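For reference, the structure discussed in these notes is given below.
Read the figures in this text as sums done on the coordinates, not as results from a lab. As the structure is a prediction and not an experimental result, all values here were calculated from the model. Cβ atoms come from the backbone with ideal geometry, glycine included; neighbour counts cover every protein chain shown.
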Amino acid sequence: MPCEEDGWQPADETVQLGGDIMNGQFYLQVLVFLVIVLLTACDADGSAGAATSLEPTATVTPDPVTQGHQVFVRICAQCHGENAEGYANELNAPALDASEHAFHHPDQQIHDWIVNGKLGVGRQMPPLGDQLTDGEVHAVIDYLHTLWTEEQLTAQQDITSRWPATPEPTWTPQP
Ligand code: HEC
């Protein structure tokens, strides 16, 4: 049998390894070679994995509504209440859920009030722009959208889409 003649038969191998030093070294060299090949392959896999993990898709970013809810709890809830039910402290902040009229205002106005504050009659919301990134302001507005009924949200998105960035005067100023 060819295998027996080449010394590849396991039974012969054992005998030859024990009795022939040269043959033992040959097997050792083959073994070392195989280990190197395997390690190189692992390295290649390892670096490919590392490269993949650097791609943006591998980064875990919470969706805007989840991020917005976190912002709400961290900053807005102290005045507007944990569930936006309003009146959490003496500043009399209104409810922002479906029970009052927050949805009457377009996103642009809400954005402006969060950043620059809002002056009301006998009460006032402080400016919060220095505590939030622009992304967080957008995220908290996305979260407010989830508190309204479908009908309220549709109406609010309608005024948001029609709200002028720079309003044209609809009146003629007196000379
Ligand atoms: C320190 C208290 C306080 C904090 C914090 C605060 N608000 Fe207010 N907010 C108020 C008060 C008071 C008013 C009412 C102002 C007025 O009468 O015009 C108000 C009004 C509003 C309104 C207008 C509601 C309406 O129906 O007219 C919106 C929208 C709003 N806040 C959103 C937010 C969001 C979002 C946050 C968090 C990023 C926040 N507020 C944080 C106190 C606060």
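Note that the range 87-104 has calculated 3J(HN,Hα) couplings of 6, 7, 8, 5, 7, 6, 5, x, 5, 10, 7, 6, 7, 10, 10, 4, 6, 6 Hz, one per residue in order, obtained from phi through the Karplus relation 6.51 cos²θ - 1.76 cosθ + 1.60 (θ = phi - 60°); glycine and proline are x.
Once the Cβ-Cβ distance of Val73 and Arg162 is raised to the sixth power relative to R0 = 30 Å, the FRET efficiency obtained is 0.40. Amide H to amide H distances under 5 Å link Lys118 with Met125, where only residues 5 or more positions off or on other chains count and H is placed in the peptide plane. Taking other C-beta atoms within 10 angstrom as a stand-in for reagent exposure, Asp107, Asp158 fall in the order Asp158, Asp107, fewest first. Peptide packing: for 64-73, 87-96, the average count of neighbouring Cβ atoms within 10 Å per residue gives the ranking 64-73, 87-96, highest mean first.
Packing, as the average of other Cβ atoms within 10 Å across residues, places the peptides 131-140, 114-123 in the order 131-140, 114-123, highest first.
Temperature 10 °C, viscosity 1.306 mPa s: under these conditions the Stokes-Einstein estimate for the range 55-175, based on its Kirkwood radius over C-alpha pairs, is 101 µm² per second.
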